[in-house]
Amino acid sequence: DEEIAEAELQRLASLEAVTTDGERLTLRANVDLPEEADFAATTGAEGVGLMRTEFLVVGRATMPDEEEQYRAYRRVVEAFDGHAVIIRTYDIGGDKLPVGAFPSEPNPFLGWRAIRMCLDEPELFRAQLRALLRAAQHGDVRIMLPLVITLDEVLRARELLEESARELVTRGVPHRTSVPLGVMVETPAAAVAADTLAPHVDFFSIGTNDLIQYTLAVDRTNERVAGLYCPAHPAVLALIRDVIRAGLRSSVSVSVCGEMAGEPLYTLLLLGLGLTNFSMNSPDIGEVKKVIRSTTLEHARQVARRVMSFDSERQVMHFLREETRKIIPEVF
Ligand code: PEP
Ligand code: MG
């Protein structure tokens, strides 16, 4: 049975992510290490929706220089010739720590993390931005900022990006000057303020892993409260719906790149809410594509309307399971 399932996923890799009534979606891969890129490209991923860059620092005592980073980013870009590769700037802090002199904090998930740390350490941040601008000569690189809560962070990051480009000009190093800049929507603040952020960014990517954690006040790494950590919570779903709507209003593309995007249970719902870009661990692409290719957009919209009328996550999950089983009986 496993061999048959494997062969089916292989077959799906070369097929489009399109509903039976012709809605074309884009499924991209999440990549944590440059070495994963070649495999991800064989799974049918149309680019990378989230390349995490913490591998460059986690568990290491020194920060990588611009050259090392450039080579790592370039490798991924070249594996996805012609497709978008969205590279996230350092999301250090929280659960992703370098070795050594990183401050210990009472609440690291609410502390000196991600874009906050990068804006406080502009030298380190500019080295990363320069490496990204250089890698962008080789393909469709887009830059994404993690853990944004306020517009000021985006504006300051944009200034540093422009400064980084000027530094490369001064040094005479080949690079692309203009690269799309987007943000992860992974805090309730960013989700609620999506309309305010939209005019200043080129894209949104909803990071459901953190968005769930911060919305529900449930530590994503704490097993004791793991039972409370649920993508189907109506408050989480309302935020996701609102971000997708804010993106549609401003013509800013919206993706989901948290684990939820790779769970077939949520595919109908996300599709019905108007999501057109998904990014997930590449082995999940086949199953999600199967759901997409077995439904109509109209059906997905009906499912989403029903789901948004429910009061509890249990109702949501039960209904989604039933509706998905109707189109793919063997899915769960
Ligand atoms: C997320 O928060 O959903 C996300 C994709 O980022 P990470 O899991 O790396 O925090
Ligand atoms: Mg996150």
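The values are calculated or read from the model by the stated rules, or taken from the named source; none is laboratory data. Nothing here was measured: the structure is a model prediction, and the numbers come from that model. Using ideal geometry, Cβ is built from the backbone for each residue, glycine included, and neighbour counts are taken over all protein chains shown. We work out accessible area using only protein heavy atoms, side chains counted, and drop any ligands, DNA or RNA first. Shrake-Rupley method; radii C 1.70, N 1.55, O 1.52, S 1.80 Å.
Quick one: net charge around Gly274, please, counting Lys, Arg +1 and Asp, Glu -1 for every other residue with C-beta under 9 Å from its C-beta. Provide the component values of the computation, followed by the final result.
On the way: positive: Arg241, Arg245, Arg301; negative: none.
Combined, the nearby Lys, Arg, Asp and Glu give +3.
Starting at the first residue of the range 81-95, write each ³J(HN,Hα) from the Karplus equation 6.51 cos²θ - 1.76 cosθ + 1.60 with θ = phi - 60°, in whole Hz, x for Gly and Pro.
Going residue by residue, I get 2, x, 9, 5, 10, 8, 10, 8, 5, 3, 10, 7, x, x, 9 Hz, with x marking Gly and Pro.
Suppose R0 equals 51 Å. What FRET efficiency, 1/(1 + (r/R0)^6) with r the Cβ-Cβ distance, do Ala13 and Ala217 give to the nearest 0.05?
Numbers: r = 39 Å, r/R0 = 0.76.
The computed FRET efficiency comes out at 0.85.
As I understand it, the value is the acute angle between the Cα axis of helix 122-135 and the longest principal axis of the Cα atoms of the chain; what does it come to in degrees, rounded to 10?
70 degrees
Which angle from 0 to 90°, rounded to the nearest 10, does the C-alpha axis of helix 66-79 make with the longest principal axis of the chain?
That works out to roughly 30 degrees.
Between Trp112 and Arg166, what is the label-point separation in nm under the 7 Å Cα-to-beta-carbon projection?
A separation of 2.7 nm, rounded to one decimal place.
At a probe size of 1.4 Å, how large is the accessible area of Ile86, to the nearest 10 Å²?
Here the accessible area works out near 10 Å².
Rg to Rh ratio, the range 214-332, alpha-carbon atoms and Kirkwood radius?
With Rh from the inverse mean 1/r over Cα pairs, Rg/Rh is 0.95.
Could you tell me the accessible area of Lys326 in Å² (1.4 Å probe, neighbours in place), rounded to the nearest ten?
Probe radius 1.4 Å; accessible area of Lys326 about 140 Å².
Could you give me the ³J(HN,Hα) list for the range 8-22, computed from phi with Karplus coefficients 6.51, -1.76, 1.60 and θ = phi - 60°, whole Hz, x at Gly and Pro?
Residue by residue, the range 8-22 yields 5, 5, 4, 5, 5, 4, 8, 9, 6, 8, 9, 6, 5, 9, x Hz.
So what is the accessible area of the chain per residue, in Å², with the probe set to 1.4 Å?
On the way: 14360 Å² over 332 residues.
The answer is 43 Å² per residue.
In what order, largest first, do Asp1, Asp195 sit by accessible area if the probe radius is 1.4 Å?
Working: Asp1 160, Asp195 80 Å².
Greatest to least solvent exposure: Asp1, Asp195.
Quick one: order Met308, Met51 from most to least accessible surface, probe 1.4 Å.
Values: Met308 55, Met51 0 Å².
So, going from the largest accessible area down, we get Met308, Met51.
Using helices alone, what [θ] at 222 nm do you get for the chain, with -39,500 (n - 2.57) per DSSP H run of 4 or more residues, divided over all residues and rounded to the nearest 500? Before the final figure, lay out the partial values.
Working: 14 runs with 150 residues, N = 332.
Mean residue ellipticity, 222 nm, calculated: -13500 deg cm²/dmol.
Quick one: if you stick a label point 7 Å off each Cα along the C-beta vector at Thr20 and Thr62, how many nm between them?
In this crude label model, Thr20 to Thr62 measures out at 5.9 nm.
If DNA, RNA and ligands are ignored and the probe is 1.4 Å, what is the ranking of Arg75, Arg126 by accessible area, most exposed first?
Working: Arg75 105, Arg126 35 Å².
The ordering from most to least exposed comes out as Arg75, Arg126.
Starting from the 7 Å offset along Cα-to-Cβ, what nm value, one decimal, do you get for the label separation of Glu35 and Ser309?
5.2 nm
Could you tell me, in Å, what Rg and Dmax come out for the Cα atoms of the chain?
Considering the chain through its Cα atoms, Rg and Dmax are 19.7, 61 Å.
Round to the nearest 10 and report in Å² the accessible area of His233, as given by a 1.4 Å probe over the protein chains' heavy atoms.
Approximately 60 Å² for this residue.
In terms of Cα to Cα distance under 30 Å, which lysines are near enough to Lys326, apart from those fewer than 8 places away along the same chain?
Lys289, Lys290
Per 10 Å bin, what percent of the C-alpha pairs of the range 98-215 does each bin hold, from zero upward?
In order of increasing distance, the bins hold 13, 41, 34, 12, 1 percent.
Measuring from a point 7 Å past the Cα of Arg325 along Cα-to-C-beta, which residues in the range 259-288 have an amide N at less than 18 Å?
264-269
What is the calculated FRET efficiency for Ser251 to Glu78, with r their C-beta to C-beta distance and R₀ = 35 Å, to the nearest 0.05?
Working: r = 30 Å, r/R0 = 0.86.
Working from the Cβ atoms, E equals 0.70.
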